[in-house]
Amino acid sequence: MDVSTQNTALDTVVEPLSESDGRYQVSIATTLEEVQASQKMRYAIFAEEQGAVLHTTTPGLDADELDPYCMHLLVRDSEQDCLVASTRVLNDEKAALFGRFYSESEFEMHAVKALEGRKLEIGRTCVHADYRNGAVIGSLWQGLVELMYRDGYQWLFGCASIPLEDGGSNLHAIMDRFRRKYMCAESHRVTPRVNVPAVADDQALTALRIPPLLKAYVSLGAHICGEPSWDEDFNVADVFVLLNVDNLSTRYVRHFARSQQ
């Protein structure tokens, strides 16, 4: 399905997010051109920069059959007038129309789907190479948290990727720490559909390098929901992360409240 032939999410009336203060402006895409700008940046980062195998419906764009059902959250640099970050979010109602959440392609997640409350899935998050700093990532998360509060979502979840270029030693070190500090309750666990290849016995562990998205999740109060799944196309291990809006860190809630004032 070409994204231009079905605009399920764009046809839905979506209240705009409040404008961010300062240099970085957060908004939800309302036109096909804005969605395609996000897809073009995703292609440049995932395919050209990171070498991922993309099963795209449109050359030069990271476009798939799920995009028309998603809201696309954009961060723009107002000084340079350019897109610098984006993510797409899929709510439970649109997931039902599509037939599943994206994460279900990698995890069996009946326990999470059974949780009470509205749900929002985050995916395809990317930041331009020149803007991978705390300010841009913070702006992206401010938009997500505002969306959760505004529309009454109880749960935010998604796959946080850990690269495997080193053979998996960094993944092993991260999971060793996260199993002890950030594992969710048994009742919320998911099961990977494809296990990550084992690290060689003689593979030395490197210094811990936690990807920014995963670090942001746990800083906000999220938990991981079990063992990672292997995404061979991206050569990453995907960790399923779950955030209850009631568990948002107090520090971030105070920051969000100040921004609203």
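If you rank Tyr217, Tyr24 by fewest surrounding Cβ atoms within 10 Å, what's the result?
Tyr24, Tyr217
From the square roots a ≥ b ≥ c of the eigenvalues of the alpha-carbon gyration tensor of the stretch 3-260, which class results: rounded (a/c under 1.5), prolate (a/b over b/c), or oblate? Judged from the Cα gyration tensor, the stretch 3-260 comes out rounded (a/c under 1.5).
Which FRET efficiency value, to the nearest 0.05, is calculated for Arg177 and Leu32 with the Förster distance at 35 angstrom and r the Cβ-Cβ distance? Each step should come with its number before you reach the end.
Numbers: r = 42 Å, r/R0 = 1.21.
That pair, Arg177 with Leu32, gives E of 0.25.
When a/c is below 1.5 the answer is rounded, else prolate if a/b is larger than b/c, else oblate, so apply that to the stretch 19-60 with a ≥ b ≥ c taken from the square roots of the Cα gyration tensor eigenvalues. Each step should come with its number before you reach the end.
Working: a/c = 4.07, a/b = 1.77, b/c = 2.30.
Oblate, because a/c is 1.5 or more while a/b does not exceed b/c.
Note on Lys94: lysines with a C-alpha under 24 Å away, same-chain residues under 8 apart excluded, are Lys40, Lys113, Lys119. Residue by residue, the stretch 163-170 carries 3J(HN,Hα) couplings of x, 10, 4, 8, x, x, 5, 5 Hz when phi is fed to the Karplus relation 6.51 cos²θ - 1.76 cosθ + 1.60 (θ = phi - 60°); x denotes Gly or Pro. Each residue of the stretch 49-66 was assigned a 3J(HN,Hα) from its phi angle through the Karplus curve 6.51 cos²θ - 1.76 cosθ + 1.60 (θ = phi - 60°); the sequence is 7, 9, x, 6, 8, 9, 9, 7, 8, 9, x, x, 10, 8, 10, 9, 5, 8 Hz, with glycine and proline shown as x. Report note on the peptides 173-180, 232-239: ranked by the mean count of other C-beta atoms within 10 Å, highest first, their order is 232-239, 173-180. Quick check: from the Cα gyration tensor, does the stretch 60-209 come out rounded (a/c under 1.5), prolate or oblate? Oblate shape, in that a/c is at least 1.5 and b/c is the bigger or equal ratio. The length gained by stretching the chain between Asn247 and Ala129 to full extension, at 0.36 nm per residue less their Cα-Cα distance, is 39.4 nm. 3J(HN,Hα) couplings calculated from phi for the stretch 97-102 with the Karplus curve 6.51 cos²θ - 1.76 cosθ + 1.60 (θ = phi - 60°) are, in sequence order, 5, 6, x, 5, 7, 4 Hz; Gly and Pro show x. Listed by chain and number, the aspartates and glutamates whose alpha-carbon sits under 19 Å from that of Lys181, ignoring those within fewer than 8 places in the same chain, are Glu227, Asp238, Asp246.
What length, rounded to one decimal in nm, is gained on full extension from Glu186 through to Tyr149, with 0.36 nm per residue of separation minus their alpha-carbon distance?
On the way: separation 37, 0.36 × 37 = 13.32 nm, distance 2.66 nm.
This chain segment gains 10.7 nm when fully extended.
Sites listed here are trypsin sites (Lys or Arg not before Pro) in the stretch 32-102 whose DSSP assignment is loop and whose Cβ has at most 15 other Cβ atoms within 10 Å: Arg100.
Where a number appears in this text, it was derived from the coordinates with a stated rule and is not lab data. Nothing here was measured: the structure is a model prediction, and the numbers come from that model. Here Cβ is always computed from backbone atoms with ideal geometry, including for glycine, and neighbour counts include all displayed protein chains.
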